[in-house]
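Student: Just passing along the structure, written as structure tokens.
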Amino acid sequence: MTDAEILQTGTKNKTVLNFSHLNRSRSFREKQGTFAMEGFRLVLDAMQSGADVQALLLTEKAQAQYGDALREASASARVLLISDALAKEIADTETAQGVFAIARMLPDSADLPQKGSRSMLLHCVQDPANLGAVLRTAEALGTDGIYLYQCCDIYNPKTLRSSMGAWARIPLRRIRETETFFSHCAANGICTCAAVVDRGAEKLGSFPMPESCCVLIGNEGNGLPRAVSDACDVRLTIPMSPASNSLNAAMAAGLFLWEMAKAGDTYA
């Protein structure tokens, strides 16, 4: 690491430019098959979870503080030392630690739901912080899989940070359309549960969560399309005060994940 090139502010280095593009653009990330990360804990978690980190960009202070741990986690990553001014230019956070990385995207790691599994399908969730929070909660509660249909990018910087590394550890799978997913669940005895805002629906907490189930959570503003919720085996709602008519999507997902964990004796 000590022999790494030192780059100054304004340097038109290909790796630095690539990092900046990856940080800003989902289409560029998908085209390249790589993504950008910022922060020691995020980068270290990714390395320890098997992510292929291609390049590290470190300030001299960050190298002195974190270099040994990062080198131990991944000896193959190319390292560039950058000035504090350049780090400030490319940082996505207010208090940057001076640790940046470029890594290859991970392949989908979840199979379709199997008998005995408890999982969740996120339908058109668009807030990166919400997605990250759901992934973090799902990992903590031992969820068997998270499925994403037309959701925001898991490699969005806000998703990566809010998931606290869960993006690399929780079983994930993107699905292209819901019809095949529903058919698979029906054929394998997986009860599909729609999370809805409807006082006439079954109440979460009173409804016994099946041994094999998948909960569907909808878009932050519109919830699940009626056609999707009607296609589910059961419609479930979170009992709320009469003065309230909605919950944050990540909070609602967390309550469903907790009920699934309790039903499965994960934390009995």
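The values are calculated or read from the model by the stated rules, or taken from the named source; none is laboratory data. Because the structure is predicted, anything quoted here is derived from the model rather than measured. Please note: Cβ atoms are built from the backbone with ideal geometry, for glycine as well, and neighbour counts cover all protein chains shown.
Student: Within segment 242-265, how many residues are over 18 Å from the mean Cα position of the chain (by Cα), surrounded by fewer than 17 Cβ atoms within 10 Å (Cβ to Cβ), among the aliphatic types (A, V, I, L, M) and within 26 Å of Ser162 (Cα to Cα)?
Tutor: Count: 1.
Student: Test each condition in (1) in the same structural domain as Trp258 (by TED's automatic domain parsing); (2) not in a helix (DSSP H, G or I) for Leu112 and report the one that comes out false.
Tutor: Unmet for Leu112, out of (1) in the same structural domain as Trp258 (by TED's automatic domain parsing); (2) not in a helix (DSSP H, G or I): (1).
Student: Let me ask another. Out of (1) aliphatic (A, V, I, L, M); (2) outside any loop (DSSP other than H, G, I, E, B); (3) assigned by TED's automatic domain parsing to the domain that holds Gly33; (4) surrounded by fewer than 21 Cβ atoms within 10 Å (Cβ to Cβ), the odd one out for Ala96 is which?
Tutor: (2)
Student: Just to be sure I understand the filter: pairs with C-beta atoms under 9 Å, separated by 6 or more residues or on different chains, first member in segment 113-127 and closer than 17 Å to Ala261 by Cβ, second member among the charged types (D, E, K, R) and at pLDDT 95 or above. Which pairs pass?
Tutor: Pro113/Asp144; Gly116/Asp144; Ser117/Asp144; Arg118/Asp144; Ser119/Asp144
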